[in-house]
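One structure below.
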Amino acid sequence: MIQLFLPLNFLGFVYREIRRALTDLENMLGLLNKKPQVTNAPNANTLNVKNGEIAFNNVSFSYNANRPILNNISFKVKAGSKVAIVGASGAGKSSLARLLYRFYDVTSGNITIDNQAISSVTLDSLRKAIAIVPQDTVLFNTTIRENIAYGRPSASDSDIDKAIEMAHLKDFINTLADGDKTRVGERGLKVSGGEKQRIAIARAILKQSPILIFDEATSALDSQAEQVILKAMHEVASEHTSIVIAHRLSTITDAHTIIVLKSGQIVEQGQHNELLALGGEYAHMWALQQQD
Ligand code: ATP
């Protein structure tokens, strides 16, 4: 019996490790859609997150030398606060997130987390500190529970249950005969966009990172599904430093600071009411979206 058990146990281990690697790959492809081009600096330190304050200091960036994408961007995300990044398609919003995750290095300027330049810390410690809810989450052909557990394979059952609760997945799971053991993905249950995004939120919660990035987390949802996601995001974000990249301004009116990007530059920043009173770019975008 033991002769059979050991190889099977080993195969199980290999299987889980491959799955884990695939999740990491998915995270990269989901938001970042690009292979890493950066490496650890010699003698890189481990990032020591105390509060999770983020600062972009005079950051400029281009993918190709002849086309600037971000121009002299400076802003702070205070520990535990929520900053929204808005602006037209192509303004550079996701590029900011890619730089924070160090999928690319800045061309000039620097980014710090709790006063440590992210270029001077190990990629591993940096990426552990950041959880991302990408625009389009890929689910694997396994159970809902296992899909969530990818966020942190060592998580306890009660941690997974808590993540399910916080991501407002419980009611949905209760409607399924096999509950969270229901298989999803291509060969399983086809879940809706909103359910998929809540699974991504549960995964991110489970990762227990001090910094959260929501990249268009409520895009393409009907307003009822959007409200559920917003509620989940709101509760989760209240415990983290969070950056929310949004098209629909109605989803970020509660942000502590809203940053308006236009052609790679910050043109306005402030709270929702302040920006409306300013009567500029944000107010214009708001008015257009209200008509819709
Ligand atoms: P959206 O709202 O449509 O997601 P965005 O504001 O997030 O847009 P980014 O994805 O940051 O914009 O892209 C900013 C600019 O950088 C765009 O003009 C885009 O074409 C360009 N860009 C994005 N990724 C790459 C890349 N890998 N190589 C070259 N240019 C890129």
* Asked: Pulled fully out, how much extra length does the chain show between S250 and A117, if you take 0.36 nm times their separation in residues and subtract their Cα-Cα distance?
  -> 44.6 nm
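Add +1 for every Lys or Arg and -1 for every Asp or Glu among the other residues with Cβ under 13 Å from the Cβ of D159, and state the total.
Values: positive: R145, R152, K162, R203, K207; negative: D157, D161, E165.
Local net charge: +2.
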* Asked: Which of K196/K262; K93/K262; K50/K82; K50/K128; K128/K207 have a Cα-Cα distance over 19 Å?
  -> K196/K262
* Structure fact -> Note on the stretch 130-206: alpha-carbon gyration tensor, axes a ≥ b ≥ c; rule is a/c under 1.5 for rounded, else prolate if a/b larger than b/c, else oblate; result rounded
* Take every Cα-Cα distance within the stretch 222-292, group them into 10 Å bins from 0 onward, and report for each bin the whole-number percent of pairs it holds. => 18, 49, 30, 3
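Stokes-Einstein diffusion coefficient for the stretch 79-215 at 20 °C in a medium of 1.002 mPa s, Rh from the Kirkwood formula over Cα pairs: what value in µm²/s?
On the way: Rh = 16.4 Å.
The estimated diffusion coefficient comes to 130 µm²/s.
Which of rounded, prolate or oblate describes the stretch 169-292 when judged by the alpha-carbon gyration tensor and an a/c cut-off of 1.5?
Working: a/c = 2.68, a/b = 1.98, b/c = 1.35.
Verdict is prolate for the stretch 169-292.
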* Taking the simple approach of a point 7 Å from Cα along Cα-to-Cβ for both N72 and D161, what is their distance in nm? -> 5.6
* Structure fact -> Taking 147-154, 227-234 and ranking on average Cβ neighbours within 10 Å, highest first, one gets 147-154, 227-234
* **Placed amide H near K82: partners under 5 Å, 5+ positions off or other chain** => S242, H256, T257
* To do: Pop out the Kirkwood hydrodynamic radius of the stretch 41-91 from its pairwise C-alpha distances, inverse of mean 1/r, in Å to one decimal.
  => 13.7
* Cα centroid distance between the stretch 67-94 and the stretch 240-288, in Å? -> 10
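Laboratory data are not the source of any read-out in this text; all were calculated from the coordinates shown. Keep in mind that what you see is a predicted model, and the values were worked out from it rather than measured. Note: ideal-geometry Cβ built from the backbone for every residue, glycine included; neighbour counts use all protein chains shown.
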